[in-house]
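Below is one structure, written out as structure tokens, with a few remarks after it.
The values are calculated or read from the model by the stated rules, or taken from the named source; none is laboratory data. Every value quoted in this text rests on a predicted model; they were computed, and no experiment measured them. In this analysis, Cβ positions are derived from the backbone assuming ideal geometry, glycine residues included, and neighbour counts consider all displayed protein chains.
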Amino acid sequence: MSIENRKKEHIEIALSPESQGPLTTLFEDVVLVHNAIPDVSYDEIDVSINFLGHKLNAPLIISGMTGGTEKAFEINRRLAELAEEFRIAIGVGSQRAMIENPSLLYTYKVVRDIAKSVPVIANIGFAQLKKIGIDQIEGMVSAIEANALAIHLNPAQELVQVEGDKDFRGVLDILKELASKLSVPLIIKEVGNGLSKEVAEKLYSIGIKIFDVAGAGGTNWVKIELLRGLKSGADMTRFGEVFTAWGIPTAASICEVRSVAEDITVIGSGGIRSGLDIAKAISLGADLAAAAQPFLKSVAMGRGREYVNTILRQLKTAMALVNSKNIEELKHAPTVVLGRLAQWICSRKLRLRNNHIYIHCCY
Ligand SMILES: Cc1cc2nc3c(=O)[nH]c(=O)nc-3n(C[C@H](O)[C@H](O)[C@H](O)COP(=O)(O)O)c2cc1C
């Protein structure tokens, strides 16, 4: 199947409820402790942060999703308008299609053309790295004037995808060379199965400083590929169904990655759906959050602005209720961790690096 048709199917399935879950993010096990006498004015709550040398008006990224088709051009245009209006960062989808066919550059470049004043993030999959040289990667980044390059790690998706690339050897060496030579920072991201402490440690040791956890609980690429397989008549469900609940839930993945070091930027993503999710992600150790599917869905319905306004209002409301005037204060808001997330953190002996998180490790 052509990349174009694959992209089309990905978008169609990602918009359906079957593309989500069945795991949860485990944010349901995170409780921000209510403060009945907050000493803040809602209108003065400041949710701005610095990211990639830019001031963002909110701690939020529109995750990389698409490019390479006429429909993708239109989606990227609308997403870029949102990013520019709200001053939030934005990623493009995998640029593989434009490497194979340079005339498709415009479907990605539209993001930079519209989102002129915010960080734009280039994107390529780790499976592609072996097939292209550093010069080509540098060209791909500069063609859209990106401020960073996200490399997505998606082994689970590749393994269940009919046409997936299943040889993952040697990626760390390529990443090491890229991290030292590329003119922009590298961001390592998953796509919905999460990053572990061990993976983040390895990546940190070769110079990676920005991690987008993209944990489980939101868009599920194993499910999406199985649904695609079903549609094309290749019944992979019997083989793949057991992996639909595979992955590290987002809240756990944030704790895993944050435990590695202080001097890294952690992006909490995978199933971020509300401003309260963003607040919980930040209180657990993320510096900012990202989301993909909700932006796709809301721009498809012409409700992008409404969605962003709603989640920002939710974020600020949560911050008022934990007496936080800004994002730095939110990072220290008293937080209780319960249930399965507490079990996860305790059994993995994760160092949470701060003392505002209350967790009872007696399992
Ligand atoms: C339609 C669609 C296409 C995507 N394509 C890419 C991609 O090309 N590169 C990438 O790194 N991630 C891609 N993703 C994954 C997202 O960036 C994100 O990590 C993942 O969907 C989890 O976030 P969510 O639960 O908010 O959707 C895609 C997601 C969606 C919904």
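I'd like the residue in segment 216-244 that is aliphatic (A, V, I, L, M) and within 15 Å of the ligand (Cβ to nearest atom) and, out of all such residues, is nearest to the chain's Cα centre (by Cα). Of everything passing the filter in segment 216-244, ALA216 is nearest to the chain's Cα centre (by Cα). When segment 86-115 is limited to residues that are away from the ligand (no atom under 15 Å from the Cβ) and farther than 26 Å from VAL213 by Cα, the one that is surrounded by the most Cβ atoms within 10 Å (Cβ to Cβ) turns out to be VAL110.
Restricting attention to segment 1-20, and to residues there that are within 10 Å of the ligand (Cβ to nearest atom) and either free of Cβ contacts under 8 Å to residues at least 24 places away in the same chain or among the small types (Gly, Ala, Ser) (or both), which single residue is farthest from SER274 (Cα to Cα)? Applying the filter and picking the extreme gives GLU12.
Residues that are within 16 Å of the ligand (Cβ to nearest atom) and assigned to a loop (DSSP other than H, G, I, E, B) within segment 289-302 comprise ALA292, MET301, listed in sequence order.
Looking at segment 174-192, can you tell me whether even one residue there is more than 16 Å from the ligand (Cβ to nearest atom), closer than 19 Å to GLU241 by Cα, of a type outside the set (Ser, Thr, Tyr) and surrounded by fewer than 23 Cβ atoms within 10 Å (Cβ to Cβ)? So far as segment 174-192 goes, no, none of its residues is more than 16 Å from the ligand (Cβ to nearest atom), closer than 19 Å to GLU241 by Cα, of a type outside the set (Ser, Thr, Tyr) and surrounded by fewer than 23 Cβ atoms within 10 Å (Cβ to Cβ).
Hey, among ILE267, ILE278, ILE272, ILE282, which residue is buried (at least 24 other Cβ atoms within 10 Å of the Cβ), farther than 16 Å from ILE188 by Cβ, at pLDDT 95 or above and under 11 Å from the mean Cα position of the chain (by Cα)? Steps first, answer last, please.
Values: ILE267 fails: farther than 16 Å from ILE188 by Cβ; ILE278 fails: under 11 Å from the mean Cα position of the chain (by Cα); ILE282 fails: under 11 Å from the mean Cα position of the chain (by Cα).
Testing whether each residue is buried (at least 24 other Cβ atoms within 10 Å of the Cβ), farther than 16 Å from ILE188 by Cβ, at pLDDT 95 or above and under 11 Å from the mean Cα position of the chain (by Cα) leaves just ILE272.
For segment 131-148, taking the residues that are assigned to a loop (DSSP other than H, G, I, E, B) and touching a Pro at 6+ places or on another chain (Cβ under 9 Å), the one that is farthest from GLU9 (Cα to Cα) is identified as ASN147. Within segment 226-252, being under 17 Å from ALA292 (Cα atoms) and in a helix (DSSP H, G or I) holds for THR250, ALA251.
Scanning segment 49-90 for residues that are in contact with a Pro (Cβ under 8 Å, 6 or more places away or on another chain) and of a type in the set (Ser, Thr, Tyr) yields a count of 0. Would you call LYS197 charged (D, E, K, R), away from the ligand (no atom under 14 Å from the Cβ) and in contact with a strand residue (DSSP E or B) (Cβ under 7 Å, 6 or more places away or on another chain)? No; evaluated as a whole, the condition is false for this residue.
Among the residues making up segment 312-351, those that are assigned to a helix (DSSP H, G or I), within 17 Å of ASP287 (Cα to Cα) and of a type outside the set (Gly, Ala, Ser) are LEU312, LEU315, LYS316, MET319, ILE327, GLU328, GLU329, LEU330. One residue stands out among those in segment 342-356 that are farther than 16 Å from THR250 by Cβ and among the basic types (Lys, Arg): the one that is surrounded by the fewest Cβ atoms within 10 Å (Cβ to Cβ), which is LYS349. Checking each residue in segment 323-341 for being in contact (Cβ under 8 Å) with a residue 60 or more places away in the chain and surrounded by fewer than 21 Cβ atoms within 10 Å (Cβ to Cβ) picks out ASN323, LYS325, ASN326, PRO334, VAL336, LEU338, GLY339, ARG340. If you go through segment 290-321 and keep only what is surrounded by 21 or more Cβ atoms within 10 Å (Cβ to Cβ) and either touching a Pro at 6+ places or on another chain (Cβ under 7 Å) or among the aromatic types (Phe, Trp, Tyr) (or both), you end up with just PHE295. Among the residues here, VAL47 does not qualify as modelled with pLDDT of 95 or more and crowded, with 24+ Cβ neighbours inside 10 Å.
Taking residues in segment 278-294 that are of a type in the set (Phe, Trp, Tyr), and partners anywhere that are in a strand (DSSP E or B) and more than 9 Å from the ligand (Cβ to nearest atom), not one pair has Cβ atoms closer than 8 Å while being at least 6 places apart or on different chains. A Cβ distance below 6 Å, combined with a sequence gap of six or more or placement on separate chains, defines the contacts here; from segment 106-134, residues that are at pLDDT below 95 reach residues that are more than 16 Å from the ligand (Cβ to nearest atom) and hydrophobic (A, V, I, L, M, F, W, C) in the pairs LEU129/ILE174.
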